[in-house]
1. If I ask for residues that are part of a loop (DSSP other than H, G, I, E, B) and under 30 Å from VAL79 (Cα atoms), which ones from segment 213-243 would you list?
2. Look at LEU247 and say whether it is assigned to a helix (DSSP H, G or I), under 12 Å from THR147 (Cα atoms) and touching a residue at least 60 places away in the same chain (Cβ under 8 Å).
3. Among (1) in a loop (DSSP other than H, G, I, E, B); (2) at pLDDT below 95; (3) surrounded by 13 or more Cβ atoms within 10 Å (Cβ to Cβ); (4) among the hydrophobic types (A, V, I, L, M, F, W, C), where does ALA340 come up short?
4. Output the residue which, of all residues in segment 127-153 that are among the acidic types (Asp, Glu) and more than 22 Å from the chain's Cα centre (by Cα), is surrounded by the most Cβ atoms within 10 Å (Cβ to Cβ).
5. Suppose we filter GLU131, GLU75, GLU106, GLU82 for residues that are in a helix (DSSP H, G or I) and not assigned by TED's automatic domain parsing to the domain that holds ALA164; which single one remains?
6. If I ask for residues that are more than 24 Å from LYS244 (Cα to Cα) and either basic (Lys, Arg) or assigned to a helix (DSSP H, G or I) (or both), which ones from segment 140-183 would you list?
7. Hey, could you check segment 208-225 for residues that are out of contact with any Leu (no Cβ under 9 Å at 6 or more places or on another chain) and closer than 14 Å to ALA158 by Cα and say which is surrounded by the most Cβ atoms within 10 Å (Cβ to Cβ)?
8. Taking GLY150 and the conditions (1) within 24 Å of THR280 (Cβ to Cβ); (2) touching a Gly at 6+ places or on another chain (Cβ under 7 Å), which numbered condition does it fall short on, given that it satisfies the others?
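The values are calculated or read from the model by the stated rules, or taken from the named source; none is laboratory data. Keep in mind it's a predicted model, so treat the numbers as computed, not measured. Here the Cβ positions follow ideal geometry from the backbone for every residue, glycine too, while neighbour counts run over all protein chains shown.
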Amino acid sequence: MSATPPQPTVRDLRAKDTPAGAPFTGAYILRRCASKTASNGNPFLAVEIGDRTGSFNTTLFADHPQFGIIRALAEGSPVRIEGRVDHYNGRLSPKLLKLTPLTEDELAATPGILENLVETPPENPDALWTEFQSCIDGIAHDELRMTVRGAMQEIGDAFRVSSAAVAMHHAYRHGLLEHTTHMARAARALLPVYPEVNPDLAMAGILLHDTGKTIEYEGAFSTRRTRKGILQGHVVLGYQIVRKHGLKARLNADLLERLEHIILSHQGEPEWGAAVYAATPEAVFVSMVDNLDAKMGMVQRTLRQATPDDEFSERLPGLNTQLLVTPPLTTVTTATPPPAP
């Protein structure tokens, strides 16, 4: 049985050869900390801890010696944890013995610690940004291209690093850039199948559809919603950005209305945050490509974080199921004929 490393990742802790009760010490991010009340009236904290390889949930009750300290910490705080491996309902749920906030000096003094804490896409962000710029350049319609370019001149720095979500999909640094660039790749492959969809309008809608998330979200280590994000949401915020730059680019009224409609409808359903249902060919197309990449992004991230011992993931809320993480058996096997009687 292999020993648990002194600075184990969440993925290490989830491995089957890490025995229950094994002590560990490591640096992680306090992603979520919600105060709740048990059925008996006792308060407790529902805590999510994570790093670049995954996350786990655990519970701290009021009699924990650090209950007050942990409750007062801001979500997204880097922390050093001493604990013991444990499980609840088949899921990793360690017992936290001691939790110490990490200072900026401690983070800077420990080589590689930030890289271990901050999840990023598997692709190089600079390469993704270069590809994203080429997608803008590929828009033939001058005013549509100028609209996208103007929006990116305003929000580009935030767009390059922003998460695409708090938890559901591409919920990590550079996730918004990855998600949007992947959508553009999918669109380029699919647009020839649907000649009814205007390619320039659809591509502009894809590149701009989530621009409001640069205002909706904040946080260097863990994504949280801003005041504007809570009060308005990224659909409205994105609509405002697009309208501003569409008018600056003197985009004609019909195209501006259609582009705004893509932003307002791309979430698909009102319960998912859409202001209206998609009602143009381009809006339907963008909404479907968005949904496709969001779900496949969940799949890709889950496969990256799976351990060699896993057969199924934990339940994924965005898919409403567990995911089979073992690859398909593609080798051809020949059945052994039964022995002759």
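1. Let us first name the residues in segment 213-243 that are part of a loop (DSSP other than H, G, I, E, B), namely 219-223, 226, 232.
Within segment 213-243, GLY219, ALA220, PHE221, SER222, THR223, THR226 meet the criteria.
2. Spelling it out, it is not the case that LEU247 is assigned to a helix (DSSP H, G or I), under 12 Å from THR147 (Cα atoms) and touching a residue at least 60 places away in the same chain (Cβ under 8 Å).
3. (3)
4. In the first step, residues of segment 127-153 are kept if they are among the acidic types (Asp, Glu); the result is 131, 137, 142-143.
Within this subset, residues satisfying the condition of being more than 22 Å from the chain's Cα centre (by Cα) are 137, 142-143.
Values: ASP137: 10, ASP142: 12, GLU143: 18.
Filtering segment 127-153 for residues that are among the acidic types (Asp, Glu) and more than 22 Å from the chain's Cα centre (by Cα), the one surrounded by the most Cβ atoms within 10 Å (Cβ to Cβ) comes out as GLU143.
5. Residue meeting the stated conditions: GLU106.
6. ARG173, GLY175, GLU178, HIS182
7. Our first condition is that a residue be out of contact with any Leu (no Cβ under 9 Å at 6 or more places or on another chain); within segment 208-225, this holds for 209, 218-220, 223-225.
Among the residues that remain, those that are also closer than 14 Å to ALA158 by Cα are: 218-220, 223.
Working: GLU218: 18, GLY219: 18, ALA220: 13, THR223: 23.
For segment 208-225, the residue satisfying everything is THR223.
8. Only one criterion in (1) within 24 Å of THR280 (Cβ to Cβ); (2) touching a Gly at 6+ places or on another chain (Cβ under 7 Å) is unmet by GLY150, namely (2).
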